[in-house]
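One structure is given here, and the rest of the page talks about it.
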Amino acid sequence: MSKSDILARIRNSLIDVTQDDPVLDVPVDWQYGQATAVAEPIELFIERVIDYKATVVRAASEKDVPRLVAEGLAQAQATSLVVPAGVDPAWVAQAAQAGVELVQDDPPLSHQRLNEISAVITASVVGMAETGTIALDHRGDQGRRELSLVPDMHVCVIRTDQIVTDVPQAMARLAPSLRQHQPVTWISGPSATSDIELSRVEGVHGPRTLHVIVVG
């Protein structure tokens with residue numbers, strides 16, 4: 001069967017489809033984005049993120065973020081930091097005072113330059129308690145996708161009101177971004193992989209160190 005025949009069959013099968021949104025096109029008796037019964041989603045989120053060998057620190061309010069960012073970078077001996085354009089400048093002010101070089105991604109940095117930079121700081125869009133996963137939709141306070149993948153350390157700030165119980169709830173939060181064709185990166189701990197002998201190797205596909213600041 002030729003490609004044109006296959007496409008013709010697909011078009012013929014879609015003749016009666018009037019909605020681009022599958023939820024509207026095929027109504028089902030189901031409420032999307034329901035929460036799982038989790039007693040303490042924030043504590044579970046922190047526990048699961050730590051299980052992935054990430055570092056998690058709590059900030060009582062955003063006023064504590066600059067100090068925790070500076071302390072995290074100092075502990076990792078990071079000397080330079082990529083700062084996406086939409087990140088609150090106050091978050092990185094104390095790190096700059098401590099001598100960390102702040103690098104802007106304007107014009108966009110090359111992969112080689114990103115590889116030379118110690119760390120990146122981003123906000124986030126949602127965190128999932130059951131899986132310990134953080135999602136970025138790469139808006140202004142998160143920067144383009146390469147920023148969260150190339151530097152060796154990722155400092156990620158997430159508010160407690162951004163933490164949901166599970167993936168279905170997270171998808172409901174992400175739906176507007178997905179409809180706007182925003183790229184979404186899912187982060188479950190630092191980058192890690194293993195070979196057939198189960199030897200763990202970190203930092204192959206992304207940051208070797210994940211430092212999460214939970215605000216609230």
> ARG145 fails exactly one of the following numbered conditions: (1) without any contact (Cβ under 8 Å) to a residue 40 or more places away in the chain; (2) in contact with a strand residue (DSSP E or B) (Cβ under 7 Å, 6 or more places away or on another chain). What is the number of that condition?
Replying inline: (1)
>> I need a count of the residues in segment 139-189 that are in a loop (DSSP other than H, G, I, E, B) and of a type in the set (S, T, N, Q).
In response: 5
>> For segment 15-33: of the residues being surrounded by 10 or more Cβ atoms within 10 Å (Cβ to Cβ) and assigned to a loop (DSSP other than H, G, I, E, B), which is farthest from the chain's Cα centre (by Cα)?
In response: VAL17
>> Cβ-Cβ distance below 9 Å, separation of 6 or more or different chains: which pairs start in segment 157-173 with a residue that is without any contact (Cβ under 8 Å) to a residue 12 or more places away in the chain and end on one that is of a type in the set (A, V, I, L, M, F, W, C) and not in a helix (DSSP H, G or I)?
In response: none
> Listed residues ALA135, ALA123, ALA85; which is within 28 Å of HIS181 (Cβ to Cβ), surrounded by fewer than 21 Cβ atoms within 10 Å (Cβ to Cβ) and in contact with a Gly (Cβ under 8 Å, 6 or more places away or on another chain)?
Replying inline: ALA85
> In segment 101-119, is there at least one residue being surrounded by 15 or more Cβ atoms within 10 Å (Cβ to Cβ), free of Cβ contacts under 8 Å to residues at least 40 places away in the same chain and within 18 Å of ILE158 (Cα to Cα)?
Replying inline: no
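Any read-out appearing in this document is the output of simple, stated calculations on the displayed coordinates, not a laboratory observation. The structure displayed is predicted, hence computed values, not measured ones. All Cβ positions, even for glycine, are placed from backbone atoms using ideal geometry, and neighbour counts span all protein chains on display.
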